[in-house]
1. Looking at this structure, is Leu11 more than 30 Å from Arg75 (Cα to Cα) and buried (at least 16 other Cβ atoms within 10 Å of the Cβ)?
2. Picking from Val29, Val61, which residue would you name as being open to solvent by 30 Å² or more (accessible area, probe 1.4 Å) and part of a helix (DSSP H, G or I)?
3. Scan the stretch 39-58 and give yes if some residue there is part of a helix (DSSP H, G or I), open to solvent by 50 Å² or more (accessible area, probe 1.4 Å), in contact with a helix residue (DSSP H, G or I) (Cβ under 8 Å, 6 or more places away or on another chain) and among the β-branched types (Val, Ile, Thr), otherwise no.
Amino acid sequence: MSVLLALLLLLAAVTGTCIVLVREPRRQVFAISVNGLVLTLLFLALQAPDVALSELAVGTVVVPLLFLVAIASVRTSRRGDDA
């Protein structure tokens, strides 16, 4: 089990680093979603199913969806200002 935890911790570190290094906002949102999924698996491996379910709902679905809506809103308003 410790190999699985080490692998999941390494994946969490890698996905967290990818979020910081990616420059395009839409790709950052998808990286945030992948990071939420990795953290969900990590919480399941640590036997915390309630935290895993919350992370799955919030970190993998809700927060990235809100970011995508905000990005689309900003890009739409910029196009409206140019016209």
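1. Yes, satisfied.
2. None of the others qualify; the one that does is Val61.
3. Checked against the condition, which is being part of a helix (DSSP H, G or I), open to solvent by 50 Å² or more (accessible area, probe 1.4 Å), in contact with a helix residue (DSSP H, G or I) (Cβ under 8 Å, 6 or more places away or on another chain) and among the β-branched types (Val, Ile, Thr), the stretch 39-58 yields at least one hit.
The values are calculated or read from the model by the stated rules, or taken from the named source; none is laboratory data. Predicted, not measured: the structure shown is a model, and the values here were computed from it. No Cβ is skipped: glycine too gets one built from the backbone with ideal geometry, and neighbour counts run over all protein chains shown. SASA here: full protein model, heavy atoms, side chains in, ligands and nucleic acids out. Shrake-Rupley method; radii C 1.70, N 1.55, O 1.52, S 1.80 Å.
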